[in-house]
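What follows is a single structure, written as structure tokens, with notes after it.
The values are calculated or read from the model by the stated rules, or taken from the named source; none is laboratory data. Small disclaimer: the values here were computed from a predicted structure and weren't measured. Here the Cβ positions follow ideal geometry from the backbone for every residue, glycine too, while neighbour counts run over all protein chains shown. Keep in mind that these areas ignore ligands, DNA and RNA; they rest on the heavy atoms of the full protein, side chains included. Shrake-Rupley method; radii C 1.70, N 1.55, O 1.52, S 1.80 Å.
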Amino acid sequence: TLGRLIFSKAEAVVGVSEAACKFARKMGARNPIKINNGVTVDFWNLFTNRRRGNEIALTYVGRLIYAKGIQDLFRAIAFLTKDVDCPQFLINVVGGGVYKEKLQELARDLKIEPRVKFLGELDNDQIKKVFMETDIFVNLSYSEGFPTSVLEAGAAGLPVIATDVGGTREIIISNNHGLLVKPRAVAELCLALKALVSNRHLGVTMGKKLQKHI
């Protein structure tokens, strides 16, 4: 109720994506303006595909809270590692938050603890270094506005797997630009990971198309 009052009385409302503007209209905003999040050009044209042998590095950047869906990535990797033909996965978790201890406990319970690196909060230069060692960027949020981390990963030329929520579809506009999965759909996430792991060229092509779009 309070939210609807604020939206309806505001002289101007700005949404970071068309999805955010649609939500604002639903809440009573009049003619919301869309201004997308942006990324610095420092991320552009810095990276190429960096696959190294049989090791696949996955990276997440963001707050460590339940709603970001990192636990679904852990469960997917735990399932995939049961396959003897599966490559060695490493997970870089960049960020801090109240859910860190739960995630550490989950990694232990799933027996993937050696595969997970909790890197804490990093500045942009440090994140770029992590991206240089990344094969696939993953963002599995249950809700989003217009995820900056996906913009940065795409601008860096990384192939991206993300949940189809909020304005993410406005960044990953087709299957040629990245892979969208349903929130909490661990089986679907496993298939997306397998698709990129089994076809190196697919990830390279996706990264280039997403980079150009961004």
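Each of Leu202, Gly154, Ser143 was scored by the projection of its Cα onto the charge dipole of the chain, and the greatest displacement toward the positive side belongs to Ser143; charges sit on the C-beta of Lys, Arg, Asp and Glu.
A dipole drawn for the chain from +1 and -1 charges on Cβ atoms has a positive end, and of Ser17, Ile214, Cys86 the residue lying farthest that way is Ser17.
Placing +1 on the Cβ of every Lys and Arg and -1 on the Cβ of every Asp and Glu, with no other charges, gives the range 57-155 a dipole of roughly 220 debye about its Cα centre. Ignoring lysines fewer than eight residues from Lys82 along the same chain, the ones with Cα atoms less than 27 angstrom from its Cα are Lys68, Lys100, Lys102, Lys111, Lys117, Lys182, Lys194. Multiplying the residue separation of Lys129 and Arg30 by 0.36 nm and removing their Cα-Cα distance gives an extension gain of 31.4 nm. The lysines within cross-link reach of Lys9, meaning a Cα-to-Cα straight distance under 16 Å and a gap of 8 or more places when in the same chain, are Lys26. Among the listed options (1) 8, 33, 35, 17, 6, 1; (2) 8, 30, 35, 22, 5, 0; (3) 8, 28, 27, 17, 12, 7, 1, 0, the one matching P(r) over Cα pairs in 10 Å bins from 0, in percent as calculated from these coordinates is (1). Which one, Leu119, Leu80, Leu103, has the greatest fluctuation when you compute a Gaussian network model over the chain with C-alpha springs under 10 angstrom? For the chain, modelled as a Gaussian network with Cα springs under 10 Å, the answer is Leu119. Taking 7 Å steps out from each Cα toward its Cβ at Gln104 and Ser198 produces label points 3.7 nm apart.
With a 1.4 Å probe and every protein chain left in place, work out the accessible area per residue of the range 119-214 in Å², rounded to a whole number. Mind dumping the intermediate values first?
On the way: 4100 Å² over 96 residues.
Heavy-atom SASA per residue in the range 119-214 reads 43 Å².
For the range 27-180, carbon and sulfur atoms together expose 49% of the accessible surface, with a 1.4 angstrom probe and every protein chain in place. The length gained on full extension between Asp83 and Leu5, counted as 0.36 nm times the residue separation minus their Cα-Cα distance, comes to 22.8 nm.
Sorted largest first, the principal axis extents computed over the alpha-carbon atoms of the range 75-173 equal 35, 28, 26 Å. The alpha carbon radius of gyration of the range 124-194, expressed as a multiple of 2.2 N^0.38 Å, is 1.05. Close amide H pairs (under 5 Å, H built 1.01 Å from N) link Leu90 with Ile56, Ala57, Leu58, residues at least 5 positions away or on another chain. Rounded to the nearest 20, the Cβ-based charge dipole of the chain about its Cα centre (Lys and Arg +1, Asp and Glu -1) stands at 500 debye.
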